[in-house]
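The values are calculated or read from the model by the stated rules, or taken from the named source; none is laboratory data. Keep in mind that this is a model prediction, so the values were computed, not measured. In this analysis, Cβ positions are derived from the backbone assuming ideal geometry, glycine residues included, and neighbour counts consider all displayed protein chains. Quick note on the areas: whole protein, heavy atoms, side chains included, nothing else; ligands and nucleic acids left out. Shrake-Rupley method; radii C 1.70, N 1.55, O 1.52, S 1.80 Å.
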Amino acid sequence: MPAYMLHQFEEHVDDRFRRFVDQELGNGRPVLTRLDIFLINVPGVWGIFAGSFALSATVALGYGLIPAYSALINVFMNVAPAIKMRRYNPGLISALLLLLPTSIWAITQLSQAEGVTWPYHVLGVGLGAAIHMGIMALAAKRLRSGMPRPA
């Protein structure tokens with residue numbers, strides 16, 4: 001959680017992520033609103049993470065793989081554009097320095113725990129990918145329609 005919080009600080013301080021997406025994907029046109037960023041991150045990320053932690057503490061430890069894989073997928077979502085564009089994007093540094101090692105460590109540790117079987121890994125990867133695909137689908141929809149919702 002602290003690593004992800006620091007990552008989100010790097011991404012969102014001064015509205016950098018939203019402005020980056022608007023500039024790079026929308027060619028300066030609005031693609032994401034501040035409300036979108038809030039909904040993506042508060043219920044979409046922190047809500048899922050909180051539910052995962054609660055489930056891992058009360059039902060089965062394997063649910064802890066959801067935030068770990070989500071963080072690892074987020075690393076790739078920051079690194080791939082940086083490679084393609086050959087430049088920094090908001091969140092890149094903390095993704096590499098914080099999310100990459102902590103997510104790999106968490107996945108490794110949880111994988112060794114009794115009862116953490118492959119379906120938990122599939123669930124973790126699937127939900128992590130779904131969160132990020134949802135963001136991409138929203139941005140694509142906005143690009144097609146040309147008009148964002150009001151912030």
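Helix 118-145: angle to the longest alpha-carbon principal axis of the chain, degrees 0 to 90, nearest 10?
With rounding to tens, the tilt is 10 degrees.
Can you give the relative contact order of the chain as a percent, counting alpha carbon pairs under 8 Å and 6+ residues apart?
Numbers: 161 pairs, mean separation 52.4, N = 151.
Relative contact order here is 35 percent.
Please list, in chain and number order, the residues 5+ apart from A60 or on another chain whose amide H is under 5 Å from its amide H, with Hs placed from the backbone.
Amide H neighbours of A60: none.
Per 10 Å bin, what percent of the C-alpha pairs of region 6-54 does each bin hold, from zero upward?
25, 47, 23, 5, 0
Over the Cα atoms of region 85-137, what is the Rg over Rh ratio if Rh follows Kirkwood?
Working: Rg = 14.1 Å, Rh = 13.1 Å.
With Rh from the inverse mean 1/r over Cα pairs, Rg/Rh is 1.07.
Which of the listed residues, L123, L35, Q8, is farthest toward the dipole's positive end in the chain, when Lys, Arg count +1 and Asp, Glu count -1 at the beta-carbon?
Selected residue: L35.
Give the whole-number value, in cubic angstrom per residue, of the convex hull volume spanned by the C-alpha atoms of the chain. Don't skip to the end; give the middle numbers.
Numbers: hull volume 16.3 nm³, N = 151.
Once divided by residue count, the hull of the chain is 108 Å³.
So how much accessible area does D36 have, in Å² to the nearest 10, using a 1.4 Å probe?
That residue has around 0 Å² of solvent-accessible surface.
Of I73, M85, I107, which is farthest on the positive side of the dipole of the chain, counting Cα position, with +1 on Lys and Arg Cβ, -1 on Asp and Glu Cβ, and the Cα centre as origin?
Result: M85.
List the residues, sorted by chain then number, that are 5 or more residues from L32 or on another chain and whose placed amide H is less than 5 Å from its amide H.
Correct list: D22.
From the helices alone, meaning DSSP H stretches of at least four residues, give me the mean residue ellipticity at 222 nm for the chain, per-run term -39500 (n - 2.57), in deg cm²/dmol to the nearest 500. Let's see the in-between values first.
Numbers: 7 runs with 100 residues, N = 151.
Helix contribution divided over all residues of the chain: -21500 deg cm²/dmol.
Find the accessible area per residue for region 8-151; the probe is 1.4 Å, ligands and nucleic acids are left out, and the unit is Å². Working shown, then result.
Details: 8020 Å² over 144 residues.
For region 8-151, the per-residue accessible area is 56 Å².
How far apart, in nm, are two points set 7 Å out from the Cα along the Cα-to-Cβ line at A130 and at V42?
Once both label points are built, they end up 2.2 nm from each other.
Test of understanding: what is the full-extension gain from W105 to R87, defined as 0.36 nm times their sequence separation minus their Cα-Cα distance?
Details: separation 18, 0.36 × 18 = 6.48 nm, distance 2.72 nm.
Separation in residues times 0.36 nm, less the Cα-Cα distance, equals 3.8 nm.
Show me the ranking of peptides 78-88, 44-54 by mean Cβ neighbours inside 10 Å, starting with the highest.
Values: 78-88: 12.7, 44-54: 15.8.
Descending mean neighbour count gives 44-54, 78-88.
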